[in-house]
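Notes to accompany the following structure.
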Amino acid sequence: MPIDNKTPKWRHQLTLVDREELNVDGVVSLGSYDEKEIVMETEKGVLIIKGESLNIKQLNLEQGNIIIEGAIKGMYYEEESRQKKGLLERFLK
């Protein structure tokens with residue numbers, strides 16, 4: 001059965017290298033971002049990255065991939081019940 005390139009099947013995966021480069025697969029959309037926090041919607045919920053001097057090195061929403069550089073200090077997912085409201089509030093800030 002051939003794979004349709006127009007409808008990718010993302011696998012949600014995080015790869016952190018030396019706390020300086022983070023590769024995230026399964027990204028649906030990018031919310032807010034600055035040098036201290038990046039918020040994105042993934043296949044498994046809203047993911048928040050905290051750190052210092054954060055920079056988006058590469059973003060490809062068609063392939064569902066983002067690469068972040070900087071000093072990664074923490075990563076966490078928002079609660080399921082607050083997910084939609086939290087992401088919308090972050091977009092409107």
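Scanning the range 13-37 for residues that are over 15 Å from Asn60 (Cβ atoms) and surrounded by 13 or more Cβ atoms within 10 Å (Cβ to Cβ) returns Leu14, Leu16, Glu20, Glu21, Gly31, Ser32, Tyr33, Lys36, Glu37.
If you go through the range 57-75 and keep only what is within 14 Å of Tyr33 (Cβ to Cβ) and exposed (fewer than 14 other Cβ atoms within 10 Å of the Cβ), you end up with Lys57, Gln58, Leu61. Step by step: first the residues of the range 41-56, then only those that are free of Cβ contacts under 8 Å to residues at least 24 places away in the same chain and either assigned to a loop (DSSP other than H, G, I, E, B) or not aliphatic (A, V, I, L, M) (or both), then the one that is surrounded by the most Cβ atoms within 10 Å (Cβ to Cβ). Which residue is that? Among those that are free of Cβ contacts under 8 Å to residues at least 24 places away in the same chain and either assigned to a loop (DSSP other than H, G, I, E, B) or not aliphatic (A, V, I, L, M) (or both), it is Gly51. Within the range 39-77, being over 12 Å from the mean Cα position of the chain (by Cα) and at pLDDT below 95 holds for Glu62, Gln63.
The values are calculated or read from the model by the stated rules, or taken from the named source; none is laboratory data. None of these values were measured; they are calculated from a predicted model. No Cβ is skipped: glycine too gets one built from the backbone with ideal geometry, and neighbour counts run over all protein chains shown.
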